[in-house]
Amino acid sequence: MSLSVESLSKSHFQATKKIQVLNELNLHVTAGESVAIVGKSGSGKSTLLSLLAGLDRPDTGEIKIGGELLNALNETALARMRARKMGIIFQQFQLVQTLSALENVMLPGEILGDQDVSTQALALLKAVGLSERQDHFPNQLSGGEQQRVAIARALAGKPEVLLADEPTGNLDVETGANVMDLLFSLAKEKGTSLILVTHDPEIAKRCDRILKLEKGQLSA
């Protein structure tokens, strides 16, 4: 499953001043490819990921995943697209606090109406080493454990594109390294395209390509 971005622009206003965040940006990611997006704070990396995930709308330009145009989808269709084709890993984990680890991982499958979602979710929790924590709530888990639950949830819908926004930003060095080992391993095993926003040059080097976001555009 490929991802294609053509002439993507996004701006916002501070008081009465227009700030151009992305400017005619282009991006093409092939199936199974891993791409790191680096750049200064405030360069628009998280904005780009939000647009790719359909969580925000561009001013102009097109985003296609597997040939399907995100711009043309309404909110309901976008939610199904995210559940069916995308996995999203946030820096702040974004787990549902009132659900157990197992229930959080089951969410994408339940949105899609899949069969036997609990069995699939249990297998993913086992893959991230959290079988024994399946009934624990997020506030009962460490930061590293919450991030591993978030990875399992992101992979639950068998996504073809995985988006990760500073997935180790809130973790200590050792836990962050373990989380990244797991993320790259699972993405490779499942043939998932990975687009990773990071400030860490060592993490970026592990990707097939490194792209820098500067002045609203990407460059190698």
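The values are calculated or read from the model by the stated rules, or taken from the named source; none is laboratory data. Here the structure is a predicted model, which means the values were calculated and not measured. When we count neighbours, we look across all protein chains shown, and the Cβ atoms used for this are built from the backbone with ideal geometry, even at glycine. Remember, those area values only see protein heavy atoms, side chains included, never the ligands or the DNA or RNA. Shrake-Rupley method; radii C 1.70, N 1.55, O 1.52, S 1.80 Å.
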| Surface share of carbon and sulfur [accessible, 1.4 angstrom probe, percent] for segment 52-91 | 50 percent
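If a helix is a whole DSSP H run, which ones in the chain reach 20 Å or further along their own axis (Cα) and hold a mean Kyte-Doolittle hydropathy of at least 0.0? Can you show the working numbers first?
On the way: long enough: 173-190 (26 Å, 0.24).
Answer set is 173-190.
Averaging sequence separations of C-alpha pairs under 8 Å and six or more residues apart, then dividing by the length of the chain, give the relative contact order as a whole percent.
Values: 428 pairs, mean separation 67.8, N = 220.
So the answer I get is 31 percent.
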| task | Quick one: dipole size for segment 86-165, taken about the Cα centre, charges +1 on Lys/Arg Cβ and -1 on Asp/Glu Cβ, in debye to the nearest 20. | result | 160 debye
| field | For E214, residues with placed amide H under 5 Å, excluding near neighbours | value | S219
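Restricting to lysine pairs 8 or more places apart or on different chains, what number in segment 135-220 have Cα atoms under 21 Å apart? Walk me through the numbers on the way to the answer.
Numbers: K158/K188; K158/K190; K188/K205; K190/K205.
For segment 135-220, qualifying lysine pairs total 4.
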| Share antiparallel - DSSP beta bridges, the chain, percent rounded to 5 | 55 percent
| query | Which Cα, out of H136, L218, G109, lies furthest along the positive dipole direction of the chain (beta carbon charges, K/R +1, D/E -1)? | reply | L218
| note | Amide H contacts under 5 Å for I37, restricted to residues at least 5 apart in sequence or on another chain and with H modeled in the peptide plane, are L196, V197, T198, L211
| Can you work out ³J(HN,Hα) from phi for every residue in segment 3-8, in order, using Karplus 6.51 cos²θ - 1.76 cosθ + 1.60 and θ = phi - 60°, giving whole Hz and x for Gly and Pro? | 10, 9, 10, 10, 6, 7
| said: From the phi angles alone, apply the Karplus equation (6.51, -1.76, 1.60; θ = phi - 60°) to segment 129-142 and give each ³J(HN,Hα) in whole Hz, x where the residue is Gly or Pro. | reply: x, 10, 3, 7, 10, 4, 9, 7, 8, x, 6, 9, 10, 6
| task | Name the long-range amide H neighbours of L162: under 5 Å, sequence gap of 5 or more, or other chain; modelled H, no Pro or chain starts. | result | G87, S193, L194, I195
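Given a 1.4 angstrom probe, what's the average accessible area per residue across segment 20-156, in square angstrom? Each step should come with its number before you reach the end.
Numbers: 6160 Å² over 137 residues.
For segment 20-156, the per-residue accessible area is 45 Å².
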| message | With every protein chain left in place and a probe of 1.4 Å, what is the accessible surface of E103, to the nearest 10 Å²? | response | 80 Å²
| message | Looking at the chain as a GNM with Cα springs under 10 Å, which of H199, H12, H28 has the largest mean-square fluctuation? | response | H12
| remark: Going residue by residue through segment 205-211, the Karplus relation 6.51 cos²θ - 1.76 cosθ + 1.60 with θ = phi - 60° gives ³J(HN,Hα) values, rounded to whole Hz and with x marking Gly or Pro, of 5, 6, 7, 5, 9, 10, 10
